[in-house]
1. Using the Cα atoms of the stretch 39-83, I'd like the radius of gyration and the largest Cα-Cα distance, Dmax, both in angstrom.
2. Heavy atoms only, probe 1.4 angstrom, no DNA, RNA or ligands counted: give me Lys128, Lys96 ranked by accessible area, highest first.
3. When all alpha-carbon pairs of the stretch 72-123 are counted, what percent fall beyond 19 Å?
4. Could you check how many percent of all C-alpha pairs in the stretch 60-177 are farther apart than 21 Å?
5. How big is the stretch 92-148 along each principal axis, measuring the range of its Cα positions in Å and listing the largest first?
6. Skipping prolines and chain starts, which residues have an amide H placed within reach, meaning under 5 Å, of the one on Ser143, given they are 5 or more residues away or on another chain?
7. Show me the ranking of peptides 68-74, 157-163 by mean Cβ neighbours inside 10 Å, starting with the highest.
8. Run the accessible area of the stretch 70-139 with a 1.4 Å probe and give the carbon-and-sulfur part as a rounded percent.
Amino acid sequence: MRKIFAALLSMFGAGHAAAQTAPSSPESMAGDLRSMVLNLPPGEIGITRENFPHEAWGVVMETGMDAGFYTLVVLADGTTSLYFSNGGGIIGAGEKPDVREASRQFIGWGNRLVGSAEPARSTQVPAKGSTKFFFLTFDGIRSYTAPEVELGEERDALAPLFHAGHAVIAAVHRAQP
């Protein structure tokens, strides 16, 4: 979690390295964050099959909106972050007990439903009105896309994961000062 946190801080403009480079656009930062998470080897943050004996060690939920998309990242090491393609985000939220519990439940639902996903052929962001789940597994990324309304109104098999993700988002917002 510390490595991800340090990378996020450097991208958001904190630290010595950021002072030496031009600031990134919000779209570029969101893309960099997505790429970092979607290409992260689990062992790099201490997650192994031995200490996390489940298929999915992380779940990313993204929803396309009029002005871009938002991304929720939850990893088995407790990392929980929420960021937006138009700039801004919340990192390190998994340190809060309520967020950690909601995140644990989200990962749990992810592991119950990962079998519904297919191996990811692309990591494109979702279109407006769609929600895409990326299941980060020890054997690669799996993905599942559905219309947000179908998930929200519980007409899709992954509706429990969608609602668990929104419970994480609500906990993250409640934890903010």
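The values are calculated or read from the model by the stated rules, or taken from the named source; none is laboratory data. As the structure is a computational prediction, the values presented were derived from the model and not from experiment. In this analysis, Cβ positions are derived from the backbone assuming ideal geometry, glycine residues included, and neighbour counts consider all displayed protein chains. For the accessible areas, the whole protein counts, side chains as well, though only heavy atoms, and no ligand, DNA or RNA atoms are used. Shrake-Rupley method; radii C 1.70, N 1.55, O 1.52, S 1.80 Å.
1. 12.7, 42
2. Largest accessible area first, the residues go Lys128, Lys96.
3. In whole percent, the share of Cα-Cα pairs in the stretch 72-123 beyond 19 Å is 39.
4. The calculated P(r) of the stretch 60-177 puts 33 percent of pairs beyond 21 Å.
5. Over the stretch 92-148, Cα extents along the principal axes are 34, 28, 19 Å.
6. The list, which skips near neighbours in sequence, is Glu118, Ala120, Phe135.
7. In descending order of packing, they fall as 68-74, 157-163.
8. Carbon-and-sulfur percentage of accessible area, whole number: 47.
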